[in-house]
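The values are calculated or read from the model by the stated rules, or taken from the named source; none is laboratory data. The structure presented is a predicted model; accordingly, all values stated were derived computationally and were not measured. Don't worry about glycine lacking a Cβ; one is built from the backbone with ideal geometry, like all the others, and counts go over all protein chains shown. For the accessible areas, the whole protein counts, side chains as well, though only heavy atoms, and no ligand, DNA or RNA atoms are used. Shrake-Rupley method; radii C 1.70, N 1.55, O 1.52, S 1.80 Å.
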Amino acid sequence: MIEQGQKLPAGTLGELKESGMVTHEVGELFAGKKVVLFAVPGAFTPTCSEAHLPGFVVLADQLKAKGVDLIACLSVNDAFVMKAWGHAQNADELMMLADGDASFTKALGLEMDTAGFGGVRSQRYAMIVDNGVVTTLNVEAPKSFEVSTADAILEAL
């Protein structure tokens, strides 16, 4: 599993914008920026939709006031689902990133196998990344939602 002080692995992430599909190279996306990246097991799922994503939507301005350049939500879903979920959650200030084949999530060592529920998904976590280097990493214990909240990340900044 990736640790604080380590550089993010290479990879690509998808984002569906109004203008069409965009593929982001991780190294370029995080270069020269302070980024809050949080990941959820699945778009439109209960805790993710009722608490995790909404917390970052509500606190986006406060996070940015602390020097955050970009707030990104990641899930092992496709870019179409991530765009629809972001729209449904009024997450216009957040970047909704898709890791459709879980390759980036696996490179981080933060995957989990949910078997029949959805297969390989991301563990729930939040991290602060400064110029591509992880400075804070908060990974949730299974079935928990405490350390990766928007409030916890705001405090860490």
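Scanning the range 67-83 for residues that are open to solvent by 10 Å² or more (accessible area, probe 1.4 Å) and in contact with a helix residue (DSSP H, G or I) (Cβ under 7 Å, 6 or more places away or on another chain) turns up just one, V76.
Each row is one residue, and each column tells you yes or no for (1) in contact (Cβ under 8 Å) with a residue 24 or more places away in the chain; (2) open to solvent by 60 Å² or more (accessible area, probe 1.4 Å).
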position	(1), (2)
Q4	yes, yes
K7	yes, yes
L16	yes, no
M21	yes, yes
E25	no, yes
E28	no, yes
V36	yes, no
P41	yes, no
F44	yes, yes
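Within the range 90-103, the only residue that satisfies the criterion of being open to solvent by 20 Å² or more (accessible area, probe 1.4 Å) and on the phi > 0 side of the Ramachandran plot is N90.
For the range 104-129, a residue qualifies if it is surrounded by fewer than 16 Cβ atoms within 10 Å (Cβ to Cβ) and within 30 Å of G32 (Cβ to Cβ), and exactly one does: G109. For the range 48-60, a residue qualifies if it is open to solvent by 60 Å² or more (accessible area, probe 1.4 Å) and under 14 Å from M82 (Cβ atoms), but none of them does. Among all residues of the range 77-91, there is none that is of a type outside the set (D, E), within 16 Å of F30 (Cβ to Cβ) and either assigned to a helix (DSSP H, G or I) or within 12 Å of the chain's Cα centre (by Cα) (or both). Taking the stated definitions as given, is S103 in contact (Cβ under 8 Å) with a residue 60 or more places away in the chain, out of contact with any strand residue (DSSP E or B) (no Cβ under 6 Å at 6 or more places or on another chain), over 13 Å from L154 (Cα atoms) and hydroxyl-bearing (S, T, Y)? Yes, satisfied.
The set of residues in the range 18-44 that are part of a strand (DSSP E or B) and of a type outside the set (A, V, I, L, M, F, W, C) comprises G20, T23, H24, E25, K34.
Counting just the residues of the range 1-47 that are among the hydrophobic types (A, V, I, L, M, F, W, C) and at pLDDT below 95, which one comes out nearest to F80 (Cα to Cα)? Checked the range 1-47; the qualifying residue nearest to F80 (Cα to Cα) is A43. Considering the range 134-155, and only residues there that are of a type in the set (A, V, I, L, M) and open to solvent by 50 Å² or more (accessible area, probe 1.4 Å), the residue that is farthest from K106 (Cα to Cα) turns out to be V147.
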